[in-house]
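The values are calculated or read from the model by the stated rules, or taken from the named source; none is laboratory data. The structure presented is a predicted model; accordingly, all values stated were derived computationally and were not measured. Quick reminder, even Gly has a Cβ in these numbers, built from the backbone with ideal geometry, and neighbours come from all protein chains shown. Just the protein is used for accessible areas: all its heavy atoms, side chains included, with ligands, DNA and RNA removed. Shrake-Rupley method; radii C 1.70, N 1.55, O 1.52, S 1.80 Å.
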Amino acid sequence: YDKISSYFASFSFSWEGLSSGESAFLSLFGRLFSIREKIIGNNNLILLLDEADMLFHPEWQRNYIEILHKVIPIIFPNKNIQVILATHSPLMLSDIPKQNTLFLQKDKDTGITEAIEGEDTFAANIFSLLRNAFFLEKCGMGEYSFNKIEWLINQIHNPKANPKEIFKYIDSVGDPYLKDKLLLEYNSKLNESKELSRLKKEKAMLEAKIAKLESGNLS
C-alpha cells in the first residue's frame, strides 16, 4: 500500500465498517507488527501502552490482557518482553498481580502525583477495585443518582412530600439492597403518618367532646 500510494495519488484504502474499538485493536497490533523488523538483534523489548483501554467495550477490556498474552509472543517470538501499561479499567487491573502494579494519586493540595500502596488486584472484585484502586470518593454510582438518593431519603422524612412521587423514585432504584432499605424506611414512615393522622382525628374528636362537656351542651 505504501509503495502504490506514493506513485498513484488517487489510490486510497480504508477499513470501512469497523467500530472505534476494532480500529483501536487493528491500530495497536498493526503498529507492533510494523516495528518488529526494526528490532532484529535486540532480545529485550519494553512496550509502553498508555490508556490502553480507551474505546474498548467492557468485554474487550476484560479480555485485553489475555489477548496481549497470546498475541505479543507471536509478533515478537523469542524476545524478553516487558509490558508497561496505564489504565483506568478495573477489568484489566483484575488480571494484574499487586506486585506488578503501581498506583498513582495526585495530592489535592500540592498537585504532586505520588505512588501509594494499593490493594490486592489479581482476580479481585471489579467493584471493589473501581472504588478503592481508582479512588472513587463517594460510592459506585453516578453523582446525579447519588444526590437523588439523598434527596429521596429527605423526602421520605418530609411530612409534606407526595408519597406517590416518593414511591415512583424508589421503584426506579436498580440496586436490590438499596431499594429494599428505602422501601422499608418508606413503609415505616408511611405507617407512622397514618397512625399520626388517626391520632390527630381522635384528638380532634376528644377536644370537641370536652368543649361540649364544658359548655353543658353534650347530648
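Given a cut-off of 28 Å, name the pairs among Lys148/Lys203; Lys164/Lys200; Lys164/Lys212 whose C-alpha atoms lie farther apart than that in the structure shown.
The answer is Lys148/Lys203; Lys164/Lys212.
Would you mind putting 88-95, 146-153 in packing order, based on average other-beta-carbon counts within 10 Å, highest first?
The densest-packed peptide leads the list: 88-95, 146-153.
Top to bottom by accessible area (1.4 Å), largest first, where do Lys108, Lys201, Lys179 land?
So, going from the largest accessible area down, we get Lys108, Lys201, Lys179.
In terms of modelled amide H atoms, which long-range or inter-chain residues lie less than 5 Å from the amide H of Val83?
Amide H to amide H, under 5 Å and 5 or more residues apart or across chains, Val83 pairs with Leu47.
Mind ranking Ile67, Ile210 by accessible surface for me, highest first, 1.4 Å probe? Write down the numbers at each step before the final one.
Values: Ile67 55, Ile210 90 Å².
So the residues, ranked largest to smallest area, are Ile210, Ile67.
Just reorder Met141, Met205 by solvent-accessible area, largest first, 1.4 Å probe, all chains present.
Met205, Met141
Per residue, how much accessible surface does the stretch 62-161 expose to a 1.4 Å probe? Answer in Å², no decimals.
Heavy-atom SASA per residue in the stretch 62-161 reads 69 Å².
Excluding residues on the same chain fewer than 8 positions from Lys179, give the aspartates and glutamates whose Cα lies under 19 Å from its Cα.
Qualifying aspartates and glutamates at Cα under 19 Å: Glu143, Glu150, Glu165, Asp171.
Can you give me the distance in nm between label points at Thr101 and Leu18, each placed 7 Å from the Cα along the Cα-to-Cβ direction?
Calculated label separation equals 3.1 nm.
Between Asp180 and Leu206, what FRET efficiency follows from the Cβ-Cβ distance if R0 is 35 Å, with the result rounded to 0.05?
That gives a FRET efficiency of 0.35.
Considering only protein heavy atoms and a probe of 1.4 Å, how much of the accessible area of the stretch 10-99 is carbon and sulfur, as a whole percent?
Taking all protein chains in place, the stretch 10-99 shows 57 percent carbon and sulfur surface.
For Lys38, list the lysines whose Cα falls under 18 Å from its own Cα; do not include residues on the same chain fewer than 8 positions away.
Correct list for Lys38: Lys79.
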